[in-house]
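Just below is one structure, and these are the notes that go with it.
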Amino acid sequence: MTIIDGKQTAEEYKALLKQEVNVLVAIGKRPPGLAILLIGNNGASETYVANKLKTCHDVGFNASLFRFENTVSESEILNCINELNFNSSIDGVIVQSPFPNHISPQKINEAIHPAKDVDGFHPMNAGRLQQNKPCYIAATPKGIMQLIEKYKIETQGKHCVVVGRSNIVGMPMSILLSRNSKPGNCTVTICHSKTVDLASYTKRADILIAAIGSPELITAAMVKEGAVVIDVGITRVADQATKSGYKLKGDIKYDEVANKCSFITPVPGGVGPMTIIGLLQNTLLAAKNAIYN
Ligand code: GUN
């Protein structure tokens, strides 16, 4: 069994991003600019945003944080996005989710100009992905595809089961693995919270991608011997033995599944670090205007 080291892989990609920024600056361009909007003070979102800002800083991007109270109106957020759409020093705009209930994710996603939508959540980018056209690919699936490539995992003709159908992970992941590409050409089954007898599907997966946010849902009995197991879940579970008062848990029961599979991503240190890389790669593409020009 091989542990897929997302942390190490992310470090390698970070070095490449840094080199590219140096080249841009050497030819007289400004570094890529990313604007991050953060609403409220959700602990996990605070951590994700802090990591995104730090990684931007490490590779030489200009990142700016726009903070809003939980009570902010939807129109205030939309106005901020609109200004950033017109700001020529900003290449990418993202709004960290989840949002408060009074803010519509659909309106936010559609307000960001597709050329600055480095999260890849705008219907234009999601649609272009489905049609195999150049687009911004959502960061987590993009990061997972790079892990699959790096570890030379064969996908063609394999049966992939994706657990979770979110616009952020499950849906784009299923499209990427089923399209006629390398990696790709999988036969994909999408399972979700209403799937009856989940184990009957997961047991048939050559590649199992769990992205449902249900800690340790997938046990060894649900996994085929020798499967490739990718864990996207990252839930804070209360644990008084730790300093923070919580422990991060994936969707996979790691200790028992690890003994049974061929490859596995740990939590933390698996998919998470590559998500940030995907976002920064998209921002670099936006800075180079590589997709929409
Ligand atoms: N919340 C969880 N994942 C993501 C992501 O990839 N982007 C944004 N903006 N919010 C998220």
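The values are calculated or read from the model by the stated rules, or taken from the named source; none is laboratory data. Source: prediction; values computed, not measured. A quick note on method: Cβ atoms are made from the backbone with ideal geometry, for glycine too, and the neighbour counts reach across all protein chains shown.
Observations on the model:
- Entry remark, segment 59-103: residues being in a strand (DSSP E or B), of a type in the set (Gly, Ala, Ser) and more than 21 Å from Tyr136 (Cα to Cα) number 0 in total.
- The listed residue being aliphatic (A, V, I, L, M) and farther than 30 Å from Tyr254 by Cβ, out of Leu34, Leu17: Leu34
- Meets criteria (away from the ligand (no atom under 16 Å from the Cβ) and within 15 Å of the chain's Cα centre (by Cα)) for Ser178: no
- Residue check, Ile137 within 18 Å of the chain's Cα centre (by Cα), away from the ligand (no atom under 15 Å from the Cβ) and surrounded by 16 or more Cβ atoms within 10 Å (Cβ to Cβ): no
- Check on Asp91, surrounded by 19 or more Cβ atoms within 10 Å (Cβ to Cβ), in contact (Cβ under 8 Å) with a residue 12 or more places away in the chain, over 17 Å from the mean Cα position of the chain (by Cα) and more than 14 Å from the ligand (Cβ to nearest atom): yes
- As for segment 257-264, it holds no residue that is over 21 Å from Pro141 (Cα atoms), among the hydroxyl-bearing types (Ser, Thr, Tyr), modelled with pLDDT of 95 or more and more than 16 Å from the ligand (Cβ to nearest atom).
- Number of positions in segment 49-84 that are under 30 Å from Lys247 (Cα atoms) and surrounded by 19 or more Cβ atoms within 10 Å (Cβ to Cβ): 6
- Any hit, segment 68-83, residues being at pLDDT 95 or above and within 20 Å of Gly170 (Cβ to Cβ): no
- One residue stands out among those in segment 154-171 that are outside any loop (DSSP other than H, G, I, E, B) and of a type in the set (A, V, I, L, M, F, W, C): the one that is nearest to the ligand (Cβ to nearest atom), which is Met171.
- Positions within segment 127-150 being more than 25 Å from Gln96 (Cβ to Cβ) and touching a helix residue (DSSP H, G or I) at 6+ places or on another chain (Cβ under 8 Å), in sequence order: Pro134, Lys150
- Where Gln106 falls short, out of the listed (1) within 26 Å of Ala286 (Cβ to Cβ); (2) assigned to a loop (DSSP other than H, G, I, E, B); (3) within 16 Å of the ligand (Cβ to nearest atom): (2)
- Test: residue in segment 206-219 that is within 22 Å of Lys52 (Cα to Cα) and either touching a Phe, Trp or Tyr at 6+ places or on another chain (Cβ under 7 Å) or within 16 Å of the ligand (Cβ to nearest atom) (or both): yes
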